[in-house]
Amino acid sequence: MTTARTTSRATQDTTATGRAPRGRKAAAKEDGPPRPVYVLDTSVLLSDPAAFRRFAEHEVVLPLVVITELEGKRHHPELGWFARQSLRMLDELRIKHGRLDQPVPINDLGGTLRVELNHSDDGVLPPGFRNESNDARILSVALNLAGEGRQVTLVSKDMPLRVKAAAVGLAADEYRHGQASDPTWTGMAEIEVGDDEVNELYGGADLALDAAAELPCHTGLVLHSSRGSALARVLPDKVVRLVRGDREAFGLRGRSAEQRIALDLLLDESIGIVSLGGRAGTGKSALALCAGLEAVMERRRHKKVIVFRPLYAVGGQELGYLPGSETEKMSPWAQAVFDTLGAVVHENVREEVLGRGLLEVLPLTHIRGRSLHDAFVIVDEAQSLERGVLLTVLSRIGQGSRVVLTHDVAQRDNLRVGRHDGVTAVIEALKGHPLFAHVTLTRSERSAIAEVVTDLLEDIPN
């Protein structure tokens with residue numbers, strides 16, 4: 001795949017393009033080469049309602065079935081707002097230009113948009129693809145346009161659709177707007193310091209270190225000196241403060257440097273959003289849960305701990321297909337939280353927490369329309385959430401509340417979310433803000449078997 005070029009060579013926010021399949025008849029001669037055509041599927045507009053404006057001077061095509069799918073998503077508990085917003089923007093174009101079945105201008109660079117009513121004949125697809133599905137309709141439009149000699153790229157956040165497009169000879173690419181340009185940031189750094197500076201830190205002083213001045217605030221530091229090492233953190237005013245290893249939350253202490261930094265961040269009430277990344281078994285959920293119970297039961301800063309979990313099962317089974325009441329339906333997702341609770345507290349404490357209603361586990365669909373006040377909110381498995389959905393969650397945090405995001409980008413169950421968008425993009429957008437902190441945990445606290453398997457899974461590209 002090659003990056004789409006423009007005559008103005010202006011900086012663009014667009015996806016990569018591919019060459020039209022070989023064997024297609026040449027396009028009619030125009031003044032200069034024909035413009036690349038980007039066919040967008042529904043997942044693109046659900047991730048970014050204004051996506052069709054972000055393709056510079058190129059031509060954007062929306063198959064009619066995309067409008068139908070947006071209509072069907074209008075009342076979706078998580079994606080409904082994005083569907084309605086996209087339809088609203090398309091309706092504004094309709095009002096302005098009268099019709100959308102012909103190209104209409106969508107930006108100042110000469111880009112156009114049209115809703116494709118034709119080119120839906122599925123005869124161009126291999127027999128196995130002719131199944132009357134919406135994916136087949138989108139592929140038919142793209143393939144028929146490519147058959148006219150156009151340089152067509154199908155743009156989608158849906159991995160299976162991109163694979164299908166490649167299987168029929170179409171160029172396909174992921175929509176990349178809003179992705180993190182630096183997804184490797186761990187929230188930790190190492191700095192060499194002198195012995196006197198370490199002594200000052202242990203004496204209770206804050207230090208101004210040149211090496212820390214350019215780091216985002218709340219970055220965790222491992223300070224090395226000739227006499228040993230120390231843990232510290234960059235504060236919003238760029239001074240460095242010691243992080244003591246004996247801090248604990250509800251009886252839980254950190255073992256690794258990253259866990260101790262994480263505890264320090266979780267116990268700092270001036271930080272409204274804490275992000276805990278790391279692979280399975282590094283203690284993300286345990287740290288977040290214990291920090292929440294510490295805030296609710298010991299410090300009495302919040303009324304309850306609320307854990308929101310996205311309903312993306314590993315097997316793909318949705319909540320509505322499970323038997324029983326809502327509580328019973330939620331049980332498979334809530335059990336992971338209760339397992340963590342049982343592992344870090346005694347049984348009598350667990351019964352007290354649940355008996356007093358201090359811990360609530362809810363599906364993420366329940367957050368729409370709510371304002372969460374005086375709560376310690378944990379969004380578990382945040383790696384499976386689209387960037388827009390995550391921002392919606394954060395916008396619901398009310399007065400007296402804090403939120404913790406726990407995530408492992410290697411274990412995404414939502415195929416519309418890539419490694420560099422979703423929670424990773426949110427981390428990059430908030431990095432350096434005084435209300436936000438992030439740390440990636442690295443040391444596994446699970447069994448040797450679990451650690452070996454996790455290492456093997458991380459070697460599999462995803």
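The values are calculated or read from the model by the stated rules, or taken from the named source; none is laboratory data. If you're wondering where the values come from, they're calculated on a predicted model, not measured in any experiment. A quick note on method: Cβ atoms are made from the backbone with ideal geometry, for glycine too, and the neighbour counts reach across all protein chains shown.
For this structure, a couple of remarks:
- In the range 193-221, the residues that are surrounded by 13 or more Cβ atoms within 10 Å (Cβ to Cβ) reach residues that are among the acidic types (Asp, Glu) and outside any loop (DSSP other than H, G, I, E, B) with C-beta atoms within less than 9 angstrom, at least six apart or across chains, in these pairs: ASP206/GLU200; LEU207/GLU197; LEU207/GLU200; LEU209/GLU197; ALA211/GLU192; GLY220/GLU258; GLY220/ASP264; LEU221/GLU190.
- The residue that is modelled with the lowest pLDDT, among those in the range 410-445 that are out of contact with any Ser or Thr (no Cβ under 8 Å at 6 or more places or on another chain) and of a type in the set (Lys, Arg), is ARG419.
- Qualifying position, being closer than 30 Å to SER43 by Cα, in a strand (DSSP E or B), under 29 Å from the mean Cα position of the chain (by Cα) and at pLDDT 90 or above, among ALA172, ALA232: ALA172
- In the range 21-35, the count of residues that are modelled with pLDDT under 95 and either within 28 Å of the chain's Cα centre (by Cα) or farther than 17 Å from GLN151 by Cβ (or both) is zero.
- Test for ARG227: is it without any contact (Cβ under 8 Å) to a residue 40 or more places away in the chain and more than 16 Å from THR440 (Cβ to Cβ): yes
- Residue match in the range 143-158 (condition: within 30 Å of ALA262 (Cα to Cα) and part of a strand (DSSP E or B)): no
- Residue in the range 189-211 that is assigned to a loop (DSSP other than H, G, I, E, B), under 26 Å from the mean Cα position of the chain (by Cα) and not hydrophobic (A, V, I, L, M, F, W, C) present: no
- Residues of the range 234-265 satisfying the condition of being touching a strand residue (DSSP E or B) at 6+ places or on another chain (Cβ under 9 Å), surrounded by fewer than 21 Cβ atoms within 10 Å (Cβ to Cβ) and of a type in the set (Gly, Ala, Ser): GLY245, SER256
- Selected residue (criterion: nearest to GLU381 (Cα to Cα)) from residues of the range 279-298 that are touching a helix residue (DSSP H, G or I) at 6+ places or on another chain (Cβ under 8 Å) and of a type in the set (A, V, I, L, M): ALA280
Each row is one residue, and each column tells you yes or no for (1) over 14 Å from the mean Cα position of the chain (by Cα); (2) not small (Gly, Ala, Ser).
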site	(1), (2)
PRO363	yes, yes
ILE367	yes, yes
HIS373	yes, yes
VAL377	yes, yes
ARG387	no, yes
LEU394	no, yes
GLY400	yes, no
LEU405	no, yes
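- Number of the condition not met by GLU318 [criteria: (1) more than 26 Å from GLY272 (Cα to Cα); (2) modelled with pLDDT of 70 or more]: (2)
- Of residues in the range 68-97 being outside any helix (DSSP H, G or I) and at pLDDT below 90, the one surrounded by the fewest Cβ atoms within 10 Å (Cβ to Cβ): HIS75
- Subset of the range 135-144 (residues that are surrounded by fewer than 24 Cβ atoms within 10 Å (Cβ to Cβ) and out of contact with any His (no Cβ under 6 Å at 6 or more places or on another chain)): ASP135, ALA136, ARG137, SER140
- Selection count where residues are more than 17 Å from VAL274 (Cα to Cα) and either surrounded by 14 or more Cβ atoms within 10 Å (Cβ to Cβ) or of a type in the set (Gly, Ala, Ser) (or both), scope the range 349-383: 17
- Flag if PRO216 is part of a loop (DSSP other than H, G, I, E, B), under 25 Å from ALA50 (Cα atoms) and either of a type outside the set (S, T, N, Q) or in contact with a strand residue (DSSP E or B) (Cβ under 8 Å, 6 or more places away or on another chain) (or both): no
- Options LEU70, LEU100, LEU109; residue that is touching a residue at least 60 places away in the same chain (Cβ under 8 Å) and closer than 20 Å to TYR38 by Cα: LEU109
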